[in-house]
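Participant: Sharing a structure with you now.
Coordinate-derived values only; no laboratory data. Just so it is clear, the structure is predicted and the values come from calculations on it, not from any experiment. We place every Cβ from the backbone using ideal geometry, glycine too, and count neighbours over all the protein chains shown.
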Amino acid sequence: MDKILNALIMKLAYEKKYYRNNMNITEMISKDHLKLSKPGNEYEQLKIDLMKCKKCDLYKTVKNKVIGYGNRDARIMLIGEAPGANEDREGKPFIGRAGEKLTQMLGYIGLKRDDVYITNVVKCRPPQNADPQKEWIIACNEFLDREMEIVKPKYILTLGRFASRVILNMELTMGQFSGNHYKLENGIIVVPTYHPSSLLIQKGERKEITRKKIANDLKLLKSLMGENNG
Ligand code: URA
C-alpha cells in the first residue's frame, strides 16, 4: 500500500512540476540537464541550447540535432553542410558514406578523425537532404560561432560550396574556391575543398579531376600547417 501511495505522490509531483508549467518533453529534459551540467562547460551548454532550439522549422522533422564532434583541442576544424540520414539517426556528423570518404581524405595527409573537430553549417537534417536554405544557415550561425569559440581552431577546412560560402562570405563556385586559401579577420586560415560526397556522386573523368583537386587542397592545408609549425 505504501508503495502505491508513494508512486502516486511522485506522479503528482512530476505532473505539477512539468505539465502545469506547460513544458514539453524537450524543454523538460533540457531543464534537468541544465541543472546537471557543470558550470563553465561550454560544450555541454551548447548541446543543451541546440536541443532547445526552435529558431527554424527543421527541429520538427529531425530525429536528432547534430552538434559537432571530435577533438575540442584540435587545430583543425572541418565544416560540412548539414546532417544526412545516418547522421540524423545517430546524432553525429559525417558517419555515413560521405564520412568514410572524409576519413580517407584526412588519411591522405596523415590525419585521423581524432585529430580534428568536425561539424556542419546546419545542425538539423534538411528534409530530403535539400540544399541548406538561408534561414536555416542564419538560425544555426550562433551554434557554429560558439563551436569556433570553444575549439579555437587555427585552420578550417570547408567541405563544399555551402560551407565555403558561409565561412568566407563569398559567392564563388567550388572550382573558384579550390586551390586557394584565405585568412579570416581573427587569423584563422581557411582552405576550401570539395565536399567528400562529390566523390560518391561523380563518375569517370570528372570524379578524377575532383579527386586531384581535393588532393591538392589537402596538400595545401598540410603545407600551411608546416609553414606555421602546426
Ligand atoms: N554531409 C554533410 O555535409 N555533413 C554530414 O554530417 C554528413 C554528410
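Participant: Could you tell me how far the Cα centroid of the range 50-79 sits from the Cα centroid of the range 171-203, in Å?
Facilitator: Cα centroid of the range 171-203 versus Cα centroid of the range 50-79: 21 Å apart.
Participant: Taking every Cα atom in the range 60-227, find the radius of gyration and the maximum pairwise distance Dmax, and write them in Å.
Facilitator: Gyration radius and largest Cα-Cα distance of the range 60-227: 14.7, 46 Å.
Participant: Cα-Cα over 24 Å: which of LYS55/LYS183; LYS152/LYS222; LYS47/LYS134; LYS123/LYS154; LYS60/LYS101; LYS60/LYS154? The partial results should precede the final answer.
Facilitator: Working: LYS55/LYS183 30 Å; LYS152/LYS222 18 Å; LYS47/LYS134 22 Å; LYS123/LYS154 22 Å; LYS60/LYS101 30 Å; LYS60/LYS154 35 Å.
Beyond 24 Å: LYS55/LYS183; LYS60/LYS101; LYS60/LYS154.
Participant: Arranged by the count of other C-beta atoms within 10 angstrom, fewest first, what order do ILE209, ILE118 take?
Facilitator: Values: ILE209 13, ILE118 25.
Ordered from fewest to most neighbouring Cβ atoms within 10 Å, ILE209, ILE118 come out as ILE209, ILE118.
Participant: Tell me the Rg and the Dmax, in Å, that the Cα atoms of the range 136-229 produce.
Facilitator: So, for the range 136-229, Rg and Dmax equal 13.9, 41 Å respectively.
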